[in-house]
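Reading through the structure tokens given below for one structure.
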Amino acid sequence: MSVSQKIETFALSDSGAKRTHNEDSVATDTRIGLAVVADGMGGYKGGEVASALAVNTIMSELESSLKRRREETADDNDEFSPESLAVKDVLELSNTIIYNAAQSQPQYGGMGTTVVLTLFYDNRMTIAHVGDSRLYRLRDDKLELVTEDHTLLRELIARGFYSEEEAKESQNKNLVTRALGIEPEVVIDIQEDVALPGDVYLLCSDGLNDMVEDRDIYLTLKQYNDNLDKAVAELIQLAKNNGGKDNVSVVLARPARGSSSPKNWAEKVVDWFF
Ligand SMILES: [Mn+2]
């Protein structure tokens, strides 16, 4: 890993065990600290087109958007960092591009895509998502779900109509209530947090978490912690072994250790203990 890299990443996307097309798209850019997963939906190639439009827009526009936002004079009233504002810019742009394509070409009518994105910078990170693609974080030996699905089911649970147990049996658990490209405007969930060098971040489409229990995701990340390319392949294989009904995409990202300079005493102590 070169010094200029902010993260190391490992990514795979697979059509699964049942489907012939893969409507998911994944991408990473270690230079700017980016990882993204999108899960498209819509008839006649609409899903593939929508998720590809989202990922391509992010990959081509985020760097210039970051530059623009970082050059702006900081406004004390800004709720978000320049990095988060740049992420918001490109996701809103993606929404517009997909929406316009769907409006102008009948075969793509109604297409849309989920998205989950992480951007790492200065020991911090921005997390953005729309829909039911997820971000998990492994830290201090605990796996935690960072994002909250935008699904009908989640809303019904939040309002007390369903228990978590009843929810597992539900037929329409994958009905997403928010996606890029469906409406002219979209509300994007954005979080900012610290990112620690030992953390492992997992971005995935629902084809992983519908097929593989959180416990097995945790155990796989533990087992292959020193070999994250194996972890990615193993997670995809687990999803396929368990039925693989949907396309399955996994991106793992691990923040790089600040620089190549020798560690100071305090950092070494921290390493011994964790
Ligand atoms: Mn899916």
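The values are calculated or read from the model by the stated rules, or taken from the named source; none is laboratory data. Model, not experiment: these values are computed from the prediction. Reconstructed Cβ throughout: ideal geometry from the backbone, glycine too, with neighbour counts over all protein chains shown.
The table below lists the values:
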quantity: Conditions (1) loosely packed, with under 15 Cβ neighbours inside 10 Å; (2) over 27 Å from residue 102 (Cα atoms); (3) touching a Leu at 6+ places or on another chain (Cβ under 7 Å); number of the one not met by residue 172; calculated: (2)
quantity: Segment 17-57, residues that are within 11 Å of the ligand (Cβ to nearest atom) and surrounded by fewer than 24 Cβ atoms within 10 Å (Cβ to Cβ); calculated: 19, 22, 41
quantity: Segment 111-135: number of residues that are within 16 Å of the ligand (Cβ to nearest atom) and not β-branched (Val, Ile, Thr); calculated: 8
quantity: Residues of segment 128-141 satisfying the condition of being surrounded by fewer than 19 Cβ atoms within 10 Å (Cβ to Cβ) and part of a loop (DSSP other than H, G, I, E, B); calculated: 140, 141
quantity: Qualifying residue in segment 142-150 (condition: at pLDDT 95 or above, more than 13 Å from the chain's Cα centre (by Cα), closer than 30 Å to residue 256 by Cβ and surrounded by 15 or more Cβ atoms within 10 Å (Cβ to Cβ)); calculated: yes
quantity: Hey, residue 49 under 21 Å from residue 232 (Cβ atoms) and of a type in the set (Val, Ile, Thr) or not; calculated: no
quantity: Which numbered condition residue 172 fails, given (1) at pLDDT 95 or above; (2) within 16 Å of the ligand (Cβ to nearest atom); (3) not in a helix (DSSP H, G or I); calculated: (1)
